[in-house]
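In what follows, a structure is listed as structure tokens, so that the remarks can point back to it.
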Amino acid sequence: MTPLDSRARRVAVYCGSSDGNHPIFLAEAGALGAAIAASGLEMVYGGACVGLMRAVADAALAGGARVTGVLPQLLAGREIAHTGLTALEMVPTMHERKARMAELADAFVALPGGYGTLDEMLEAVTWAQLGLHDKPCILINTAGYWDGLLAFLDSTVAAGFLNAKNRKLLRVVATAAQAIDLVVVRP
């Protein structure tokens, strides 16, 4: 896979619905939103106004980016919908949320998060492995947050359950700026 061209594209962002326990997580979410906006990209994400999800969306909006949220109806009643987005799409299920985000996105970027973040990113990588798309899948390893996952994935290669070529489908960077550099070709 190569970086996308410099035309405006949408980046799907997966991340936690909580702040995490270290300020660097919120800071990196804000940096990603700002970098998306500064690069002329659009953002699609889960549509919530909590945690890292709020931080990345607010930073992208503050920088002038178009931000689309995709929120499952089961979460709408919990008053977590971000009301300041460019667009908010309601979908019936979590499965439809993932499918809609994948449809809208030209690249997938994950910040720290829990089960949901991991599920969304690994599904995107699995779809790439199956040849369903050739969009970049990028993991931002803020402060080594994903080190345990990366060691596990390396062990799946060593054990013969994951092809080394497919292991490379999940690109890993340390910062939001590096992630955006993989998404956009700089003139």
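The values are calculated or read from the model by the stated rules, or taken from the named source; none is laboratory data. Nothing here was measured: the structure is a model prediction, and the numbers come from that model. Cβ: placed from backbone, ideal geometry, glycine included. Neighbour counts: every protein chain shown.
Points worth noting:
- Out of Val109, Val125, sole residue that is farther than 16 Å from Leu32 by Cβ and buried (at least 19 other Cβ atoms within 10 Å of the Cβ): Val125
- The set of residues in the stretch 157-179 that are within 21 Å of Pro112 (Cβ to Cβ) and of a type in the set (Val, Ile, Thr) comprises Val172, Val173, Thr175.
- Residue ID - farthest from Val184 (Cα to Cα), chosen from residues in the stretch 135-172 that are in a loop (DSSP other than H, G, I, E, B) and among the aliphatic types (A, V, I, L, M): Ala159
- Ala76 satisfies every condition listed in (1) surrounded by 16 or more Cβ atoms within 10 Å (Cβ to Cβ); (2) among the small types (Gly, Ala, Ser); (3) farther than 28 Å from Leu150 by Cβ except (1).
- Scanning the stretch 129-187 for residues that are surrounded by 13 or more Cβ atoms within 10 Å (Cβ to Cβ) and at positive phi yields a count of 1.
- Residue match in the stretch 77-92 (condition: charged (D, E, K, R) and within 29 Å of Gln129 (Cβ to Cβ)): yes
- Residue in the stretch 53-96 that is farthest from Ala27 (Cα to Cα), counting only those that are modelled with pLDDT of 95 or more and charged (D, E, K, R): Glu96
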